[in-house]
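To start, the structure under review is shown below, and the notes come after it.
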Amino acid sequence: MEPSKEGHTPYSYNVNTNPDHHGGPTAPYPLGSPTYSQSSSSSPTNGLTHEKAEVADAPVVEQMENVETPDGLHRGLKLRHMVMIAISGTIGTGLFLTSGKTIATAGPLGALLAYVVIGIWLVFVCQAIGEIATLLPLPGGFTAWGTRFFDEAFSFQLAYVYLTNWLLTVPAELSASSLVISFWLPEGSSFPLWVIPCIIIFVLVVINFLGVKMYGEAEYWFSILKVVTIIVFIITGILTDAGAVGGKTFGVDYWHIEGAPFKGGFKAFLSVLVSVGFAYGGTELSGITAAESSNPHKHVPKAVNTVLVRIAFFYILSIFFLSCIVPNNDERLMNDGGTVVNAPFTIVFLQAGMKGGADYMNAVIFTSIVSATNSDFYVATRMMLSLSKNGWAPKWLGKTNRRGVPYFAVMITTLFSCIALVMIYAGAEVVFNWLVSIIGSLIFLIWVCILFLHFRFRACWKAQGRAPSDLPYKSWGYPYGHYLAMTIAICCVVASFYLSIANKPSVSNFLEGTADPKYKKARDTWAQGLLGAWFPWFQAITLYFLYKFVRKTKIVDPRLADLDSGR
């Protein structure tokens with residue numbers, strides 16, 4: 001389908017201009033949509049009964065679960081699904097496996113501050129998502145907003161950047177599964193580790209082919225397990241830190257040893273921001289799942305408002321107790337061997353003297369990887385569907401089955417997931433570290449784009465004479481909280497650029513020159529940072545200007561921005 005060049009959605013709508021409606025033109029809902037079918041064309045606002053569709057009683061909401069959207073999706077996600085997905089749907093290797101390196105690199109206070117700073121940024125990103133996704137629960141989520149509020153080329157680049165993020169995250173998570181399983185294998189075992197990712201891939205394909213309801217149910221129960229485990233971990237951390245279990249009182253003694261509380265200074269603090277971004281990645285998922293929620297008007301605000309709880313409770317408290325119980329100079333934190341026995345959460349259970357604690361934590365980490373990869377699969381397929389419907393990818397990619405599953409997109413995501421099998425042979429931990437660097441920077445870019453589009457949305461809303469009180473959900477903290485978030489964003493991006501250049505190792509500093517193992521490690525770390533810092537922005541800028549040059553797109557006039565179709 002030929003994309004629009006006027007800043008509106010690429011779908012075909014009969015646009016009616018109504019000067020009495022907030023001072024700007026509006027577009028009716030697509031024919032056949034649930035809201036359109038209840039409307040009356042004689043209404044002064046094109047007959048839209050958004051309130052009747054959203055503020056519905058239980059029977060209507062149940063009917064909405066079986067309604068197919070114009071894109072072939074089903075609104076099968078309930079409130080409990082949305083909330084649990086927002087709370088812990090994508091918690092996986094980022095928190096359970098990489099948090100130890102953050103403490104070992106930046107020290108206890110440096111790591112805690114990194115999680116707090118990125119957490120503040122993320123809170124306002126999710127508030128921005130909540131405000132717009134509640135009003136416009138569009139397929140493709142925030143990647144579709146650029147076409148409405150700014151420039152179609154912006155949506156094009158953001159959609160492909162976000163798809164790249166998830167297509168890389170799938171093999172990254174799967175490769176970590178082989179590291180997890182190796183914990184239970186005897187030293188020198190000949191067990192083929194590639195079997196584990198194959199089994200996970202098969203299970204995820206089955207779940208995704210069964211439809212969005214099955215995805216929601218799987219994530220609901222996976223998330224409950226993760227939530228319970230983190231609660232148990234925090235309770236264990238409190239008891240262990242106080243000396244009630246384990247036979248030793250830790251307090252904050254490890255905050256006063258060599259290297260603490262800030263280890264490596266300000267530069268080390270800046271270096272861990274990208275890995276913290278990777279740990280938080282996926283929290284913005286509510287902006288994508290809104291299109292398949294049975295009641296986005298109610299579900300999206302509740303989902304995004306759980307993000308603060310997730311950040312404060314799951315991440316910050318966990319990092320605090322980790323840093324109190326495990327010293328930053330503990331070699332196990334660096335996870336250089338790539339084994340899950342070195343995962344910080346496992347170490348705490350061992351410090352508490354709990355028999356079987358390592359096995360239990362290892363099992364939870366494994367299920368968390370399956371859960372996170374399940375979410376990765378879901379988002380990747382929905383992004384391909386959105387690209388197809390917008391005419392930015394082949395039409396066959398957007399075909400859905402009777403359960404609303406874009407089956408060709410599932411197949412392509414499955415092929416990308418097989419990269420994990422190659423990674424195992426190349427060295428799972430080495431490739432995993434490269435992917436973490438790239439994915440963390442991609443997440444930063446995506447969050448910057450979301451904040452920018454929210455500012456642009458508010459400008460369009462104001463230009464059309466609409467009041468903030470007219471929004472079904474209003475982002476709290478706007479505009480000053482969002483200014484703070486954008487300031488943090490710019491500082492983080494600039495820091496990643498600076499470190500990618502400043503951290504280049506000099507051969508003269510190593511005794512054995514280029515043959516020195518320490519030099520090779522420093523060189524690889526620098527190369528990871530260089531690729532991670534610059535690749536996402538190079539991709540985004542190239543896609544934006546290439547599309548703009550080919551399609552001759554124009555910046556959307558705020559007074560003419562489409563703020564109604566798809567509500």
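The values are calculated or read from the model by the stated rules, or taken from the named source; none is laboratory data. Because the structure is a prediction, the values reported are computed rather than measured. All Cβ positions, glycine included, derive from the backbone under ideal geometry; neighbour counts span all protein chains shown. Accessible surface is based on the protein model in full, side chains and every heavy atom, while ligands, DNA and RNA are left aside. Shrake-Rupley method; radii C 1.70, N 1.55, O 1.52, S 1.80 Å.
Could you please state how large a percent of the accessible area of the stretch 479-567 is carbon and sulfur, counting protein chains only and using a 1.4 Å probe? List each step's numbers first, then the result.
On the way: 3720 of 5290 Å².
Exposed carbon and sulfur together represent 70 percent of the surface.
Counting only protein heavy atoms and a 1.4 Å probe, tell me what percentage of the stretch 98-208's accessible area is made up of carbon and sulfur. Walk me through the numbers before you get to the answer.
Values: 1990 of 2550 Å².
That share works out to 78 percent.
Please work out how much length the chain gains when fully extended from Tyr480 to Val116, using 0.36 nm per residue of separation minus the C-alpha to C-alpha distance, in nm with one decimal.
Working: separation 364, 0.36 × 364 = 131.04 nm, distance 1.78 nm.
Going from the current span to full extension adds 129.3 nm.
Can you tell me the order of 502-508, 205-211 when each peptide is scored by its average per-residue count of other Cβ atoms within 10 angstrom, highest first? Walk me through the intermediate numbers first.
Values: 502-508: 12.0, 205-211: 16.7.
With the highest mean Cβ count within 10 Å placed first, the list reads 205-211, 502-508.
Determine, from the Cβ-Cβ distance of Asp359 and Arg559 and an R0 of 56 Å, the FRET efficiency 1/(1 + (r/R0)^6), rounded to the nearest 0.05. Walk me through the numbers before you get to the answer.
Working: r = 62 Å, r/R0 = 1.11.
In this case the efficiency is close to 0.35.
Using mean Cβ contacts within 10 Å as the protection proxy, how do 231-242, 450-461 order, highest first?
On the way: 231-242: 17.7, 450-461: 21.4.
Answer by packing, highest mean first, reads 450-461, 231-242.
Spelling out what I want: for every residue of the stretch 468-482, take phi, set θ = phi - 60°, compute 6.51 cos²θ - 1.76 cosθ + 1.60 (Karplus), and round to whole Hz; glycine and proline get x.
Using θ = phi - 60°, the values come out as x, 5, 7, 6, x, 9, 9, 4, 7, x, 7, x, 5, x, 6 Hz.
Please identify which residues in the stretch 118-149 have an amide N closer than 20 Å to a label point set 7 Å out from the Cα of Leu546, following the Cα→Cβ vector.
Zone members listed by number: 143-144, 146-147.
Could you list the square roots of 5 times each eigenvalue of the Cα gyration tensor of the stretch 440-567, that is, the equivalent ellipsoid semi-axes, sorted largest first and rounded to whole Å? Mind showing how you got there, number by number?
Numbers: eigenvalues 368, 67, 19 Å².
Listed largest to smallest, the semi-axes of the stretch 440-567 are 43, 18, 10 Å.
If you take the square roots of the eigenvalues of the alpha-carbon gyration tensor of the stretch 90-228 and sort them as a ≥ b ≥ c, do you get rounded (a/c under 1.5), prolate (a/b over b/c) or oblate?
Values: a/c = 2.06, a/b = 1.36, b/c = 1.52.
Judged from the Cα gyration tensor, the stretch 90-228 comes out oblate (a/c at least 1.5, b/c at or above a/b).
I need the peptides 157-163, 136-142, 487-493 ranked by packing, meaning the mean over residues of other C-beta atoms within 10 angstrom, with the highest value on top. Don't jump to the answer; show the numbers that get you there.
Details: 157-163: 23.9, 136-142: 25.6, 487-493: 17.3.
Taking the mean over residues of other Cβ atoms within 10 Å, the ranking is 136-142, 157-163, 487-493.
³J(HN,Hα) across the stretch 319-334 via Karplus (A = 6.51, B = -1.76, C = 1.60, θ = phi - 60°), whole Hz, x for Gly/Pro?
5, 4, 6, 4, 6, 7, 9, 10, x, 5, 9, 5, 4, 5, 5, 5
List, in order, the whole-Hz ³J(HN,Hα) value for each residue of the stretch 450-459 obtained from phi through the Karplus relation with A = 6.51, B = -1.76, C = 1.60 and θ = phi - 60°; use x for Gly and Pro.
4, 4, 4, 5, 5, 4, 5, 4, 4, 5
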